[in-house]
Structure formats: structure tokens, C-alpha cells
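Quick note: the coordinates plus some simple rules give every number you see, no bench work behind them. For clarity, every value in this text was computed on a predicted model and none was experimentally measured. All Cβ positions, even for glycine, are placed from backbone atoms using ideal geometry, and neighbour counts span all protein chains on display.
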Amino acid sequence: MAMTPRLDLRQSQNLVMTPQLQQAIKLLQLSNMEVATFVETELEQNPMLERDEGQNDPVREQAERSDPFENNDRPADEKGDSLELLQPTGLTEQAASPLDADYSNQYDGEIAGPGAPEGGADSQYWQGASGGGRGFDGDLGDFESTLTREKSLREHLIDQLTVDIHDPTDRIIGSAMIDMLDDAGWLSTDPGQIAQMLGCGVEDVARVLTVLQGFDPAGIFARDLQECLALQLKEQDRYDPAMAKLIDNLDLLAARDGKSLMKICGVDAEDMAEMAAEIRALNPKPATLFDDVVAQPVTPDVLMRRTEDGQWLVELNPETMPRVLVNDSYFAKVSKESRSKDENEYLTERYQSANWLVKSLHQRATTIIKVASEIVRQQHGFFDHGVSFLRPLVLRDIAEAIEMHESTVSRVTSNKYIATPRGLFELKYFFTSAIAGTAGGETHSAESVRHRIKALIDEEPPEKILSDDRIVEILKEEGIDIARRTVAKYRESMKIASSVQRRRQKRGTI
């Protein structure tokens, strides 16, 4: 058969991932902090974007101009998906108001933020800032701003540093090590690295560290747990040879191997019990005595509460929603004044990019509230009665209910949190594998089974400690078919000791 060139006409369908569509998909999986950073970058680079600082409810005109996934750019599994939110039984979704307030594209032409005070630098507004407790607006400051506060750990250590160390070089070394303390009050940086960083000798760092380890609170500047406990015992004048041997064998103390410890330390059972009690009374994290401000690691993306009629209200957290709009007036003004083709192309590209960002943010917010509402609908037993009623749930269940792809649900639930009356949870927490029931009964959530194992162990009497085999028998009687190795895996994941160690612990023996 001869090979000759020829032309064929074929028709096919494919999905083109445009940069705008890639951006919209990327925004779905970002956390609220990452989205805020991304939006700030866009505000700096795009003159057509404006931060919405108004107090009035803007109109959601720009977000409704078109769907970010319209035409061929929209995934095939999400075509025709409506932005209208579902209304479940016993569940109320409140997304319209915060969404309308946070996503708009109308520019009112007003200058964001207050202007400079009238009268210049010599006016009474500026004079009032230098005395009398007045701000730039001439009003008295709030009462809370005049309250005193407790010293932080760093301030407390700096005060001691200025009193106990007089050499300027040693003070610089000590100040640097104060800034290197971790949240527990330990110094995790090696003295050699500190010396190299500061350009001094290792012996200088060691000398200053010895002084710092004598600061209050006791145990500060320790480099490991043994040293932290030893410093506190030295402060109490209780660091004798027997106690030093006990500190060197904390692993045996954790395992409650009393016989080996008594032999190593050369004490009897009564002395060993007293020494162990002293160790337990120490604070392995001395920094917590000062830093009493509770850090909030995450900010919830979704808020949930019960209404007066007993329904669950699910709404977006307005504090995490970026407030941006497109400056249509500015675009119209500069477009008339542009003179070259390059200028027109740049302005058009920036304007389209700004429009797309606003639409993408709106789509992200709508998808989050839709997924979160469906999770609440399917896990209502957990919110009503507790973790034992958490039902098995996978991404496919939510995707089919809201008619979206599993990958979309996966992106939405990554790094997203919901604040509920039972605490703050990541959305992925509610997706748990299923454990089969006995005799073909109803399946159980792995998280609820884990909770049941912990409850059984917490309720066990000291004279009747439950083994893993006994826990398996109890769970099978309750209709949960589970293997012994699974019980052991769940127990270890919750940091629960074995039955032998729990027996020693609950009987009060070492």
C-alpha cells in the first residue's frame, strides 16, 4: 500500500484550560489567608481593581454579568449548575446577604478612606494628638487603650538580662538567644550555630547560656526535656544523685517500670513514688506561664448556628471574604484618553482580568457555601447528638448531591474550616471511611468507632482493664465488625497506652 499525504477533516470536543479558568480552579483550593494574599497582589498590579471599603450594601452587578465557567471553559460535569443554593429540611442557608455585600463590581466614585484633616499640620486635630488622650479626630480615646497589660515572656527575660549581665557583648548574645526561644521556652538552636551567626566564640555562648538558664521561670532556655526538668529541680534544691538518675531514665518512668527504676536509682518503692510525684509536678513548658494569649491558628470560612425555630443556619464568614470591585469609572476615563494601540490593549486586558477575578471570587464563595451546606445536611446527626452519630461520608456523596465533580469538592474542602456549636472543624473532618456492621447491618463511621473505643477505655474500672480483644468483642456485640489490629491502630493514633500500661497507671503504681 502506497503512503501518500492527504488531508482529513475531523470533529472533536475538548476542554481548553485557559489561564482564567486555571486561576478560578486555583482559588478554590486556597485557604482564606492565601486568597487574601493573592488578592492583595492583584490590587497592587491591576489599576482597574479597587478595595471595597464602603459600608453600604453594594449591588452584585458585576458578579452576575457572566458565569466564570460559561461556554467551553466550563467543565462538562458542571455545565448547567445553578448558583442558587439548595434549601434542605431543617437547614437554612444564608449566603445572599453576605455574598451581596462582599462581591460587587459597582464603583461609586468616592475616595476610599478619610481625607486629611482641615487646617493643615497646625490645626487642632493634629495638636490634640500630642496630649489629652485625643486622637487625630479630636475625640477621646477608648477606655481599653488606657489599660495596662501583663509583661510578655520576652519583656520579663529582657528585664532580668539587663540586671544580671553587664557586658555589652554578652547582652547581645543573650538578647539573640531570647529571640530564639520556641513556644515552650526551649532553646532548640545549637550553641555552635549561635556562635557562628553572631561571630563570637562557642565558649561565650555557653557562658551566657549558663546565666540565662538561671532566669525565672525555672526551666527556661533548656535544650531538651531532661534539662528542663533538671533546671527546675536544681531551683528547688532537689537535684540529688538519685533524682539525676531518674531524669536520665524518663523513658522507664513513662513506661511505669518501677522495678527497674528502683534498681537504677537505689531507692525503695516509697521514695520512688515521691520522686515520680515531684517530676509530674514540674512544668515541661515554662513559657506558658507568661504567654497567656490563646493563639487562633485558623479563621473559619463558614459559620454555623441554630436559629430560634431549631434549624441550622449556615453562612459565609464575612471576615474572610475579600472585598474587591472593578473601577468602571476609572476604566471609562482612561480609555478615552488612551492614544496608542498598546495602551488600549493593556487597559482592556487589565479590565477583563479584574472582571474575571471578581467573578472567580464570587464562584468560590458560592461553591464553599454549597458544599458546606450539603455536609451539614448529611451530617446533621453529628451536630445534633455528637461524634457517635457521625455517618460514613465520601467526596462522591457530596459531589452527586450538588451535581459537581469530586475534584471540585476536594478542592473546596481543603484548608477550609467551619465554626460549629461543637467546635472548629476542617471540612475534610466529616469525610470518614465506613466500617462494616455485623450480619450485614448498617455501616459505621471510622471516626465514631474511634470515639466509641476511647469512651470504653475512659470508663473501664482499674480492676478490669479492657484488652484489645475484649474491645473487639464489645464492638461486635454493638453491631460493629472490626479487627483487633484496627482497634490497636485507632488506640495508638489517639495516644492511648496498652492495657498493661493502663493497668499500672490506674492502680497508681510506677
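Using the Cβ-Cβ distance between H405 and A488 with R0 set to 35 Å, the FRET efficiency works out to roughly 0.40. Sequence-ordered 3J(HN,Hα) estimates for the stretch 478-494 from the Karplus curve with 6.51, -1.76 and 1.60 and θ = phi - 60° stand at 8, x, 10, 8, 9, 8, 5, 5, 5, 4, 5, 5, 5, 5, 5, 5, 8 Hz, glycine and proline given as x. Per-residue Cβ neighbour counts within 10 Å put V487, V39, V298, V409 in the sequence V298, V39, V487, V409, beginning with the fewest. Computed as a quarter of the hull surface, the mean projected area of the alpha carbon convex hull for the stretch 174-220 stands at 3.0 nm². Within the same chain, lysines fewer than 8 places from K489 are excluded, and of the rest, those with a Cα less than 30 Å from its Cα are K259, K285, K416, K428, K454, K464, K476, K506.
Evaluated with a Cβ-only charge set (Lys, Arg +1; Asp, Glu -1), the stretch 434-506 carries a dipole of roughly 460 debye about its Cα centre, given to the nearest 20.
Think of the stretch 153-289 as a dipole: +1 on every Lys or Arg Cβ, -1 on every Asp or Glu Cβ, centred on the Cα centre; then among I178, T288, L198, T288 lies furthest on the positive end. Relative to the current alpha-carbon distance between R238 and E343, full extension at 0.36 nm per residue lengthens the span by 29.9 nm. Taking the average, over residues, of other Cβ atoms within 10 Å as the packing measure, peptides 318-330, 169-181, 193-205 rank 318-330, 169-181, 193-205 from highest down. Remark: the stretch 153-289 carries a charge dipole of roughly 280 debye about the Cα centre, counting +1 on each Lys and Arg Cβ and -1 on each Asp and Glu Cβ.
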